[in-house]
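Enquirer: I'd like to ask some things about the structure below.
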Amino acid sequence: MTETVLTNANIVLGDEVVRGSLCFDEGRICAIDAGSTALPRAIDCEGDFLIPGLIELHTDNLERHIQPRPGVDWPHDAAILAHDGELASTGITTVFDALRVGSVLSGKKATDYRRYARPLASEILDMRARGALRISHFLHLRAEVCSETLLEELDEFTESDRVGIVSIMDHTPGQRQFRDLDKLRQYVCGKHGVSEEGFLEHVASQQALSERVRLPHEAGAVAHAIRLGAVLASHDDTTAEQVRTSAEYGIRLAEFPTTVEAARACHDAGIAVMMGAPNLIRGGSHSGNVAAEDLARLGLLDLLSSDYVPGALLRAAFRLAEVLGDLPRAVATVTASPADATGLGDRGRILPGLRADLVRVRLGGDLPMVRNVWSHGRLVG
């Protein structure tokens, strides 16, 4: 028999935690029962939590594996495998790999914005097709408005490329995430070793470029998202006016709004708010923006993303459970809510008939520790 039975588990359902047993077969959940079973083949979870596999909508983790040091381009197949394995080990069973689309090829620039999205996407999709990956991969195209090549790069993607999200991102100095130029100076000069003169030239050239291309690039990104059948997301909304523009574009997911004003405007417009798990764990934003915990206490936080630390997603969910006093609601921010936001109706909850994407979690004090991970019924961690 191929059926797998897990017993003596605290199963986190949509609105309650049930001590019981769960079985799955052929990649799908078959049944959930209260109480334990004495079946000899059953796996005793020893009272550990059993939660749905985590769903990650925005992560830069693959880029870190491809460029582990400045100027190093690591073999992509090895980097993709390492990225995939790392996510599986943290309980993530579905990922939308975030790839920047839009490069700066001329003028003064302080960072390297080379084109890479299309060939890297092809490598990811090829490895998926060959069954080389442990978890489920989709693409998240980060459409950088302040660039020279955005629209021609988006043209390279088709409806068969599993593009699930297109986010409209504008990193023009002086607004949104980088409205505080001192914070941007710390980032650019500290990370890339740019001089003050080089930084000022970078700011001026990027602001001039944005003035020229922002409106056509925003409209083009919206059109391409519709063509690709992808969910539209905004990024770093700061003001209610920016949220109104997002709503007019048909955006229904806001990544990392930077102020309470923007987050509240998103909720009023029916736009789901996603915040970074590192922000919640650290107690605040590294960029000086609004704290995720503050939004959670105001009822303005819907989803979490690991952003730049894959292991942060699970820990943040359990931290949020402490803040809210509600474990099922907190777990939903990393499972059911991201599934709903991207139209993935086959996962994100523990229900009969859904994918057997499951994570067995043990608490060591306040630290959640991954014991086992199943992706579509296959043990991957």
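Enquirer: Could you check the spin-label model distance between LEU200 and ARG282? Points 7 Å from the Cα along Cα→Cβ, value in nm.
Expert: 2.9 nm
Enquirer: Here's another thing I want to ask about it. Using amide H atoms built in the peptide plane, which far-off residues or other-chain residues are under 5 Å from LEU354 H to H?
Expert: ILE29
Enquirer: What are the residues whose amide H is under 5 Å from the amide H of ALA233, where those residues sit 5 or more places off or on another chain and H is modelled from the backbone?
Expert: Here the answer is VAL166, SER167, ILE168, since their amide H atoms fall under 5 Å of that of ALA233.
Enquirer: Please give, to one decimal in nm, the separation of the simple spin-label points placed at ARG227 and ARG212, each 7 Å out from Cα toward the Cβ.
Expert: Distance between label points: 2.3 nm.
Enquirer: Continuing with the same structure: With the chain treated as a Gaussian network of Cα nodes joined by springs under 10 Å, which of CYS146, CYS23, CYS266 yields the largest mean-square fluctuation?
Expert: Result: CYS23 has the largest fluctuation of those listed.
Enquirer: Enumerate the calculated ³J(HN,Hα) couplings along the stretch 326-337 in order (Karplus 6.51 cos²θ - 1.76 cosθ + 1.60, θ = phi - 60°), each rounded to whole Hz, writing x wherever the residue is Gly or Pro.
Expert: So the Karplus estimates, Gly and Pro as x, are 8, 5, x, 5, 5, 4, 4, 5, 10, 9, 5, 5 Hz.
Enquirer: Restricting to bridges with both residues inside the chain, how much of the DSSP beta-bridge set is antiparallel, in percent to the nearest 5?
Expert: Taking every DSSP beta bridge within the chain, about 45 percent pair in antiparallel fashion.
Enquirer: I've got another one for you. Nearest 0.05, what FRET efficiency do GLU322 and ASP15 give at R0 = 25 Å with Cβ-Cβ as r?
Expert: The value I calculate is 0.85.
Enquirer: May I pose another question? Contour minus end-to-end for ASP126 and ALA78, with contour as 0.36 nm per residue of separation and end-to-end as the Cα-Cα distance? Could the numbers behind the result be given before it?
Expert: Working: separation 48, 0.36 × 48 = 17.28 nm, distance 1.34 nm.
Roughly 15.9 nm would be gained on extension.
Enquirer: Okay, next question. Got a sec? What order do TYR249, TYR116 fall in by accessible area at 1.4 Å, biggest, i.e. largest, first?
Expert: Result, largest first: TYR249, TYR116.
Enquirer: How high is the relative contact order of the chain? Use alpha-carbon pairs under 8 Å, at least six apart in sequence, and give a whole percent.
Expert: Once divided by the residue count of the chain, the mean separation gives 20 percent.
Enquirer: In nm, what is the difference between 0.36 nm times the number of residues separating GLU3 and GLU46 and their Cα-Cα distance?
Expert: 13.5 nm
Enquirer: Given a Förster distance of 30 Å, report the FRET efficiency between ALA34 and ASP294 from their Cβ-Cβ distance, rounded to the nearest 0.05.
Expert: E(calc), rounded to 0.05, equals 0.20.
Enquirer: So what is the 222 nm mean residue ellipticity for the chain from helices alone, if each DSSP H run of at least 4 adds -39500 (n - 2.57) and you divide by all residues, rounding to the nearest 500 deg cm²/dmol?
Expert: Values: 13 runs with 139 residues, N = 381.
Theoretical 222 nm ellipticity from helices: -11000 deg cm²/dmol.
Enquirer: For a paramagnetic label modelled at 7 Å from the Cα of ASP366 toward its Cβ, which residues of the stretch 305-340 fall within the zone defined by backbone nitrogen distances under 17 Å?
Expert: Under cut-off, by backbone N: 312-327, 330-331.
Enquirer: Give me the extension gain from ARG69 to GLU241: residue separation times 0.36 nm, minus the current Cα-Cα distance, reported in nm with one decimal.
Expert: 58.0 nm
The values are calculated or read from the model by the stated rules, or taken from the named source; none is laboratory data. What you are looking at is a predicted structure, and each value in this text was computed from that prediction instead of being measured. Glycine gets a Cβ as well: all are built from the backbone with ideal geometry, and neighbour counts include every protein chain shown. With ligands, DNA and RNA removed, areas are computed over all heavy atoms of the protein, side chains included. Shrake-Rupley method; radii C 1.70, N 1.55, O 1.52, S 1.80 Å.
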